[in-house]
Amino acid sequence: MQSLQVLIPLLCLVLLGQTCQDTTTAESNSKDWWQTAQFYQIYPRSFMDSDGDGIGDLNGITSKLEYLKDLGVTAAWLSPIFKSPMVDFGYDISDFFDIQPEYGTLEDFRALIKKANELDLKIILDFVPNHSSDENEWFKKSVKREKGYEDYYVWHDGKVNAETGEREPPSNWLQAFRGSAWQWVEERQQYYLHQFAVQQADLNYRNPDVVAQMKRVLHYWLSEGVAGFRCDAVPVLFEVEMDENGQYADEEVSGLTDDVDNRNYLKSDLIENRPETIDMAYQWRTVMDDHQRIYGGDTRVLLIETYAPPAYTMQFYGNRSVEGAHLPFNFNLITVPASNGVSASSIKTAVDNWLLNMPAGRTANWVIGNHDQRRAASRYGVANTDAMNMLVMIMPGGSVTYQGEELGMTDGWISWEDTQDPAACNSNQSLYEQFTRDPSRTPFQWTSGTNAGFSTAAKTWLPLAENYKTVNVEVESAATRSHLKIYKSLVALRKSSKTLQNGATKYAVLNENVFVAKRYLSGSPSIVYVANLGSSGTTIDLDQFDKTLPSHLTLQIRSLNSTKAEGVLFERNGLSLAAGEALVMSAS
């Protein structure tokens, strides 16, 4: 693997003890669609129910595509819609070539693609390459050692305990949902690896037949008209090879927790972030590019889910000789504040960790939430809802919005009795809230009516969040000002501003609690973003950040809690900011 080309900041200034980063010169005016796209994640089970069974579906999504168009969305990414026993709600796939019946049919999917094309919206599917359901025909054949499927999954005889004579798992590896990552199958007399639930058997990517099969999955859905794929859980695709004795090494204890069933109890050096995984992403990129070359049309995009150190993540982009993912997802705005608290300095660290490590000529992206995390407004604080939406729209590259972030939706509380997520169900009533992902998966809030307009069912698959009567599309569309209207203004500015499309980027921390960023481009107005992430008001002098700014800036967009007037000039110095206040201003 070639070494990364790391960006060297063009200008470093020390401002009030903080480093000001000026990361890039202006970018090319010629950009592909995905480089400045607004990606919008849909969790199908919770978006819109068209048939009254309490579960969202494809026809429900189709019925709401105009909403996405009105938002300014470029591409909608759908969490898994494939046939599944729903142990992990679609991430346990029993047939990669068919639609889950409770979501609809292949004809329903084709109707969705047709409608999306009419609206000039792109549809991206979730590709789940690491594992299949244990109800998949491939797994059933592998259990029986049928020809061609013997080594489709990661099988092992296990070990015999020298003292007890009992058979034990091959290694101490732990799964993501608590407990051993190995499961014994009596019929085959072997263990199989499952890095997630026991029903999610890991495919063996050291088998060329598996590699070819999963490429067929990509080709199939590309032929159905999708614009690309978001690839799930990619870092766990490969594990370390067996040693000369045919055994797997044990992971070392991490020291992070005393809970021996928690995956974090052990390090994950042997089962995550292996070099072979990078090459597999490069092979998938070739599938995307070959399809476009043969069939024409726009670029088919490859998005990679990876929670990994920068040195590993950045390799997914590719190198001098091969192209990789168009966008490895940037989760820094999630992970850094989670570890260090929400603050201007943690936001700067998150931005630094991406822009200062990204290889030259690549495109950044910004993510603040998804179906695996607590909702953005709950994590950052409701007062910072607009500040965070502004941030992902102002920074260079693609933006990613998880359904409901445009409204400021917050976590719903889910009782133990109503809990659905296997990550929580595999624990117990006293622990489940540490592990559950259900609170961010509650039904989308369309109206103040029954079931928030999501479904006509007597009971929805998850309970609604309690605030649905005041936080929903209907209420926020009718309000004079709302998170939704601010979000739309941000997207509109992003689409119309040459500076936001192509400009260079500079950012810093002022007065400890204020994050400030400037996008600038010769011949176009500069855009300045300021956000007070502290718990009290403050006053800043922007000339401490950039003395080239004009003496007055025009307020374009303000957070919901701001009392300032848009279209008014504000002096760059002595700018007061209330707690949670965020502003987007232009400087000619």
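The values are calculated or read from the model by the stated rules, or taken from the named source; none is laboratory data. Everything numeric in this text was worked out from a predicted model, so none of it was measured. Don't worry about glycine lacking a Cβ; one is built from the backbone with ideal geometry, like all the others, and counts go over all protein chains shown. Ligands, DNA and RNA are stripped out before the accessible areas are found, and what is left, the full protein with its side chains, is counted by its heavy atoms. Shrake-Rupley method; radii C 1.70, N 1.55, O 1.52, S 1.80 Å.
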Single residue of the stretch 357-380 satisfying the filter (among the hydrophobic types (A, V, I, L, M, F, W, C) and under 23 Å from S30 (Cα atoms)) that is modelled with the lowest pLDDT: A360
Filter result (in contact with a helix residue (DSSP H, G or I) (Cβ under 9 Å, 6 or more places away or on another chain) and either among the hydroxyl-bearing types (S, T, Y) or in a loop (DSSP other than H, G, I, E, B) (or both)) within the stretch 269-285: I271, E272, N273, R274, T277, Y282
Count of residues meeting criterion [open to solvent by less than 20 Å² (accessible area, probe 1.4 Å) and of a type in the set (D, E, K, R)] in the stretch 166-210: 2
Matching residues in the stretch 206-224 - criterion: being closer than 26 Å to Q41 by Cβ and over 22 Å from the mean Cα position of the chain (by Cα): K215, R216, H219, Y220, S223, E224
Hits in the stretch 566-588 - residues which are within 21 Å of N384 (Cβ to Cβ), in contact with a Ser or Thr (Cβ under 8 Å, 6 or more places away or on another chain) and not in a strand (DSSP E or B): A578, A579, G580, E581
Matching entry among K564, K547, K518, K485 (being within 26 Å of the chain's Cα centre (by Cα), within 26 Å of S345 (Cβ to Cβ), open to solvent by 10 Å² or more (accessible area, probe 1.4 Å) and not aromatic (F, W, Y)): K518
Count of the stretch 447-487 residues which are basic (K, R) and in contact with a strand residue (DSSP E or B) (Cβ under 8 Å, 6 or more places away or on another chain): 0
The stretch 314-356 - residue that is polar (S, T, N, Q), part of a loop (DSSP other than H, G, I, E, B) and more than 29 Å from Q434 (Cα to Cα) and, of those, most open to solvent (accessible area, probe 1.4 Å): S321
Test: residue in the stretch 211-226 that is outside any strand (DSSP E or B), among the polar types (S, T, N, Q), free of Cβ contacts under 8 Å to residues at least 60 places away in the same chain and surrounded by 14 or more Cβ atoms within 10 Å (Cβ to Cβ): no
Residue match in the stretch 412-429 (condition: of a type in the set (D, E), farther than 25 Å from T563 by Cβ, open to solvent by 10 Å² or more (accessible area, probe 1.4 Å) and over 12 Å from the mean Cα position of the chain (by Cα)): yes
Residue in the stretch 123-157 that is most open to solvent (accessible area, probe 1.4 Å), counting only those that are in a helix (DSSP H, G or I), more than 30 Å from A111 (Cα to Cα) and not aromatic (F, W, Y): K140
